[in-house]
Amino acid sequence: MQKLEAQFKDFQETNIHMFLFLSEILGRFVLDAENEPIGKLADLKVRLGELFPKVATLVVKKRRGKKLLELDWQEVQSLNAAVIRLKPGSAEKLRPLEVNPQEFLLREELLDKQVVDTFGAKIERVNDIHLLIVSQDLRIVHVDYGIRGILRRLGWLKGIDFFTNWLFAYQFEDKMISWKYIQPLLSDPTKQSLTLNVTSRKIHEIHPSDLADIIEELDQINRATVFRSLDLQTAAQTLEEVDPKLQLKLIESTSVEQVSDILEEMAPDEATDFLADLPEEKKQKLILTMENPSREAVEELLKFKEGTAGSIMTKDFLSVRKDKTIGDAIEEFRKTVYPLESISYIYVTDQDNRLVGVSTLRHLITCEKDATLGKLMNTHLIKVEPEDHVDTVTALFKKYKFMALPVVDKEDILKGIITLQDIMQSQF
């Protein structure tokens, strides 16, 4: 990256495009129109709300003063490698630094802080900030997370580049992420919600497994900040993927009402596993705040001993009466919101909800819509009871290579199903 030239023309009057790094201008002298020093650049304040946020004000520290002052960026006349020069009369417009929930400080709140790379779905540390002067604005364009950012701030970059080029014909690569993929982890909840609205790939679009990995890498404060910012569905899916020990820490920073809403979004078996590890008083408090049918499903699953089929089964399954047609089953399939692994089979029941057969998605696609399920279903059933041990269920999955197994009581009433994912999770 080219260094700042010795002198720039007035970029307010030209359509100049120029890249620079925050580390290259921090500490530069700020001069008035008569070249008298006012102080040094201490920070830049950026206004949120755009994909590539623009710098709103300069933050200046006077040589003999402790208080920070700010000045609108538009008051800057020119910029060079050593100084920032202001327009005539601009020095009188300096004012005390104000806190604004729609703005944040680059040095204070972003540099050396953790951010989420929503494109790579990982956590990075901000070593430097890449800026662009375009027309009359100074905007953030990249975050530098590589070793070059550190060397640049130490003032060693030129020497290190010379040495590595001379000795190895090599220099450290730039490692930068476009700002449109950066999710700052600002401590202020208002600022955090604003940044979520302007990132190109919003954090809730990251796969829950990747999001869980990200949360596990963060410190306690940032974990809570990110988790609280998620919508209910994303929070539920992410909580299912997070390490059980960390699950407890996350809900401790979340209101009971929000945790209850998240539990209602979770699969009943996942919600049950989560609640089972809680102290009895907290568990009952959360269950009472849940609404039906989620509460009833969770209460029923909690009755089963750990290590049994009932303790890992889910209530998310598709069942249709045997006198219904393929067309009726297709309509039921269209309305379901259950995960794909939960509806890989259609369970066929009689009028008393007793399991009498099973059909497949293939039947829905290939058979005539007016054909009844009772004539097409497979009546050779492999099933388990809620009290059966998980090892027994595992053996059946290994033997028959099913995607799911039905769970029935002594009267063959369908109580739930166990998916391949459920049985795999139970083994770890």
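The values are calculated or read from the model by the stated rules, or taken from the named source; none is laboratory data. Just so it is clear, the structure is predicted and the values come from calculations on it, not from any experiment. No Cβ is skipped: glycine too gets one built from the backbone with ideal geometry, and neighbour counts run over all protein chains shown.
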List the strands (runs of 3 or more DSSP E) that sit entirely inside the range 1-99 and contain at least 3 residues that are at pLDDT 90 or above.
-> 29-31, 37-47, 54-61, 68-72, 83-86
Based on what the data block shows, is Tyr181 within 16 Å of the chain's Cα centre (by Cα) and not charged (D, E, K, R)?
-> yes
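Rundown of residues vs (1) farther than 22 Å from Ala271 by Cβ; (2) free of Cβ contacts under 8 Å to residues at least 24 places away in the same chain, yes/no style:
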| position | (1), (2) |
| --- | --- |
| Glu368 | yes, no |
| Ala371 | yes, no |
| Thr379 | yes, yes |
| Lys383 | yes, no |
| Pro406 | no, no |
| Asp412 | yes, no |
| Asp422 | no, no |
